[in-house]
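So that we are looking at the same thing, I have put the structure below in structure tokens.
The values are calculated or read from the model by the stated rules, or taken from the named source; none is laboratory data. Just so it is clear, the model here is predicted, and its values are computed rather than measured. Cβ placement follows ideal geometry from the backbone for every residue including glycine, while neighbour counts extend to all protein chains displayed. Ligands, DNA and RNA are excluded from the accessible area calculation, which covers all protein heavy atoms including side chains. Shrake-Rupley method; radii C 1.70, N 1.55, O 1.52, S 1.80 Å.
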Amino acid sequence: GGTGVVDVAPPRGDQARDRASIAVALGQAKPGDTIRFAAGTYEVGPIVRVATPNLTLVGHPDGTTLRGGDFDPAAGYDQFGDDDDAFEAIGVLHLFEGGTTVRSLTFADSWFGLILGWHYDEQQPERAGGFVIEGNTFRSSQNGVRSTNTGNTTTVIRGNLFVDVHYGVSALGNAFLVEGNTFTMLMKLHFKWAIS
């Protein structure tokens with residue numbers, strides 16, 4: 001396996017270019033490598049599948065945001081109409097193979113921030129589970145971390161901040177340790193003053 005570092009090119013604020021930069025870095029990575037994101041905001045959606053196991057994905061100390069797209073939390077499912085695949089259009093990352101660690105990233109404006117594991121109609125990856133999701137921020141999203149199926153190796157979801165996320169952690173079956181996370185809903189209050 002690798003023990004190298006692969007840097008993602010700085011974000012351009014353009015979806016096609018930002019997705020391409022992430023795809024290039026993921027394509028170069030070998031199991032054991034670290035993927036290092038630059039500072040700034042990457043426009044990601046639709047969701048990017050991470051198929052290499054045992055990676056470390058880490059944000060820049062000055063802040064890295066991975067943005068799914070134009071998400072309207074008030075509209076909920078209605079914003080997608082009858083398109084069942086539209087959910088992934090404003091997703092960020094799907095960690096398919098296990099053992100990957102995600103640290104110091106902000107996931108924003110997405111239907112899915114992180115999906116862990118495989119869908120039930122897919123072939124099971126060689127290594128499932130064993131994810132470490134730690135020290136990240138999930139903001140203004142429908143789903144922060146969603147596990148679909150992750151095998152029997154414990155996944156750790158620890159020390160993350162969820163702000164205005166409808167479902168912070170959806171852990172469907174399997175082995176999980178969820179501890180030390182903060183879940184916050186910021187309510188916007190509107191006052192109407194009448195002066196007579």
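Report the residue count in the range 16-44 for those that are in contact with an Asp or Glu (Cβ under 8 Å, 6 or more places away or on another chain) and within 13 Å of G69 (Cβ to Cβ).
Adding up the residues that qualify gives 5.
Further question on the same structure: Could you please find all residues in the range 88-129 being of a type in the set (S, T, N, Q) and either open to solvent by less than 10 Å² (accessible area, probe 1.4 Å) or part of a loop (DSSP other than H, G, I, E, B) (or both)?
T100, S104, S110, Q123, Q124, listed by residue number.
Going by the structure shown, is D85 modelled with pLDDT under 95, over 19 Å from R146 (Cβ atoms), among the acidic types (D, E) and over 16 Å from the mean Cα position of the chain (by Cα)?
no
Consider G13 carefully, then state whether it is in a helix (DSSP H, G or I) and either more than 14 Å from T65 (Cβ to Cβ) or modelled with pLDDT under 95 (or both).
Spelling it out, it is not the case that G13 is in a helix (DSSP H, G or I) and either more than 14 Å from T65 (Cβ to Cβ) or modelled with pLDDT under 95 (or both).
Let me ask something additional. Scanning for something outside any strand (DSSP E or B), more than 25 Å from H60 (Cβ to Cβ), among the β-branched types (V, I, T) and modelled with pLDDT of 90 or more, does the range 172-180 turn up at least one residue?
The answer is no, given that none of the residues of the range 172-180 is outside any strand (DSSP E or B), more than 25 Å from H60 (Cβ to Cβ), among the β-branched types (V, I, T) and modelled with pLDDT of 90 or more.
From the set of residues in the range 154-174 that are within 13 Å of the chain's Cα centre (by Cα) and either closer than 15 Å to V132 by Cβ or without any contact (Cβ under 8 Å) to a residue 24 or more places away in the chain (or both), which is surrounded by the most Cβ atoms within 10 Å (Cβ to Cβ)?
N160
Then there's this: If I filter the range 130-140 down to residues being open to solvent by 10 Å² or more (accessible area, probe 1.4 Å) and more than 21 Å from N54 (Cβ to Cβ), which single residue comes out as modelled with the highest pLDDT?
T137
When you go through (1) under 13 Å from the mean Cα position of the chain (by Cα); (2) free of Cβ contacts under 8 Å to residues at least 60 places away in the same chain one by one for I115, which number turns out not to apply?
(2)
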